[in-house]
Every structure is written in structure tokens, then in C-alpha cells.
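Undergrad: If you scroll down you'll find the structure; I have some questions about it.
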Amino acid sequence: MLKARSKTNVPSLFDLSAPKSSSVTGVDLDWIRRSAETGDAESQSKLADYYYTGTHGCTTNMVESYKWANLAAAQGKKPAGDLLRVLELFMTAEEVDTAKARAKAFTKNRTESSR
């Protein structure tokens, strides 16, 4: 359960209820990344898009983009599935295999850490 902001307007370290925007990009990349790492499919899809486009503080990285899109698509995010198909047009088989291995390792690590 997400913690609401206190009445004193002092943000909590664990306050994930509202991301704080970066003045440069309007996106809190750290918040999106933390949310993606907890398994949030929407954040995973956004992070995949940011790595694909090289925006919001991410450098272009097709392998990382594929990894996050793969994780989001596995949870039913259609835009992430569409991005996977686009990425496969531009990636080598080795890059796709690396990205799939990273997604698998991420899932395995999340499963093991939740035990």
C-alpha cells in the first residue's frame, strides 16, 4: 500500500504516491525505475520506451529497452509488445538473446527475493 503525503507536506522517503518531476524532462526517472523494478508493468513499458527513444534521462539502449518491454508485455501491456516487434527489426539475434536473458534474470531475482 502506498503511503500518502503527511499533512506537513514533508515528503516521505517511501512516498511513491506522486512522482516528482525533473525540471529538465518532466519525468522522475528514478521513480519510474524503482516502480519498474517492483514489477509495475506500466512503468516497465515507459522505461522501455525511454531507452528506445533515448529520452527522459536515458541513453538509447535497445537491449535494455527490449528487456523492459519484454517484462511489460508478459504482463499484457500491448504497447510494450508492439515495441518488441519494432526492436526486433533493428537488433541482432545476439542482442535479442542478451535482452531476453536479462529479463529472465530480472524475473528470477525478483522471485527469489520475494521468498
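The values are calculated or read from the model by the stated rules, or taken from the named source; none is laboratory data. This structure is a prediction, so every number in the text was calculated from the model and none was measured. Because the Cβ atoms are built from the backbone with ideal geometry, glycine has one as well, and the counts that use them run over all protein chains shown.
Undergrad: Report every pair of residues separated by at least 6 positions or lying on different chains whose Cβ atoms are under 9 Å apart, first residue within segment 102-115 and under 10 Å from Leu71 (Cβ atoms) and touching a residue at least 40 places away in the same chain (Cβ under 8 Å), second of a type in the set (Ser, Thr, Tyr) and not in a helix (DSSP H, G or I).
TA: Arg110/Thr38
Undergrad: Report whether or not Leu13 is of a type in the set (A, V, I, L, M, F, W, C) and modelled with pLDDT of 95 or more.
TA: Against the criterion (of a type in the set (A, V, I, L, M, F, W, C) and modelled with pLDDT of 95 or more), Leu13 does not qualify.
Undergrad: In segment 75-93, how many residues are in contact with a helix residue (DSSP H, G or I) (Cβ under 8 Å, 6 or more places away or on another chain) and in a loop (DSSP other than H, G, I, E, B)?
TA: The number of residues fulfilling the criteria is 4.
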